[in-house]
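The values are calculated or read from the model by the stated rules, or taken from the named source; none is laboratory data. Here the structure is a predicted model, which means the values were calculated and not measured. Quick reminder, even Gly has a Cβ in these numbers, built from the backbone with ideal geometry, and neighbours come from all protein chains shown. These accessible areas exclude ligands, DNA and RNA; they are computed on the full protein's heavy atoms, side chains included. Shrake-Rupley method; radii C 1.70, N 1.55, O 1.52, S 1.80 Å.
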Amino acid sequence: MLPLNQVLNAWIKPALDYLPSELNTPARRQMVLGIGVVETAYSAMWQDGGPALGFWQIQPNTWHDIHVNYLIYRPKLSDSIKKLLKYSEESLDLLTQCPRYAALLCALIVYRSPLALPAYNDSEAQARFWLDAYNCGGAGTMQRALPCFQSVQNLGA
């Protein structure tokens with residue numbers, strides 16, 4: 001696993017800096033960091049035997065839905081991605097080629113959920129949120145997720 005402080009400082013913080021300031025919170029940064037730990041431990045870019053891509057294991061259908069059905073109605077959030085990418089075209093390949101882009105999309109998936117964002121350092125609520133809002137229908141369990149979110153406590157501020 002990559003050092004979590006490096007992941008946070010190289011990818012997550014710079015990516016979330018493109019969001020409107022009210023969305024760029026320690027709780028959201030910590031949630032994105034923890035999702036990467038539980039999904040891949042920052043050691044795989046492709047899902048074994050599946051379609052999910054990047055450290056945050058974003059499904060192609062989720063990627064498409066965010067771009068076609070969500071961001072089009074939220075210009076401020078869409079602008080966040082455009083500013084991050086500068087002149088690059090949005091593409092599914094960027095989930096594996098640009099970790100900042102993938103981190104930003106993960107943060108948007110978290111934001112889009114109707115569930116409340118768990119509080120900073122609430123690892124049990126973070127694990128439950130991941131299970132119910134991010135991993136929906138996946139093979140995740142609380143037993144697997146809780147230690148991952150405990151590993152990111154006090155990070156993200």
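Could you tell me the relative contact order of the chain? Use alpha-carbon pairs under 8 Å, at least six residues apart, and round to a whole percent. Spell out each step's value before the answer.
Details: 194 pairs, mean separation 50.4, N = 157.
It rounds to 32 percent for the chain.
Could you give the dipole magnitude of the chain about its Cα centre, charging the beta-carbon of Lys and Arg +1 and that of Asp and Glu -1, in debye to the nearest 20?
Here the chain has a charge dipole of around 320 debye.
ASP132: accessible area at probe 1.4 Å, nearest 10 Å²?
Around 80 Å² of this residue is reachable by solvent.
Tally up the carbon and sulfur contribution to the accessible surface of the chain as a whole percent, 1.4 Å probe, everything protein left in place.
52
³J(HN,Hα) across the range 24-29 via Karplus (A = 6.51, B = -1.76, C = 1.60, θ = phi - 60°), whole Hz, x for Gly/Pro?
Those phi angles translate into 8, 10, x, 5, 5, 4 Hz.
Quick check on the range 22-96: take the gyration tensor over C-alpha atoms, sort the square-rooted eigenvalues as a ≥ b ≥ c, and tell me if it's rounded (a/c under 1.5), prolate or oblate.
oblate
Along the range 53-68, what does the Karplus equation 6.51 cos²θ - 1.76 cosθ + 1.60 (θ = phi - 60°) give for ³J(HN,Hα), rounded to whole Hz, x for Gly and Pro?
Working through the residues one at a time gives 10, x, 4, 9, 6, 7, 6, x, 5, 5, 4, 4, 4, 4, 6, 8 Hz.
Using modelled amide H (1.01 Å from N, peptide plane; none on Pro or chain starts), what sits under 5 Å from the amide H of ILE58, excluding residues fewer than 5 places away?
Residues meeting the criterion, in which the H sits 1.01 Å from N, are LEU53.
Can you put CYS136, CYS106, CYS98 in order of accessible area, largest first, using a 1.4 Å probe?
CYS136, CYS98, CYS106
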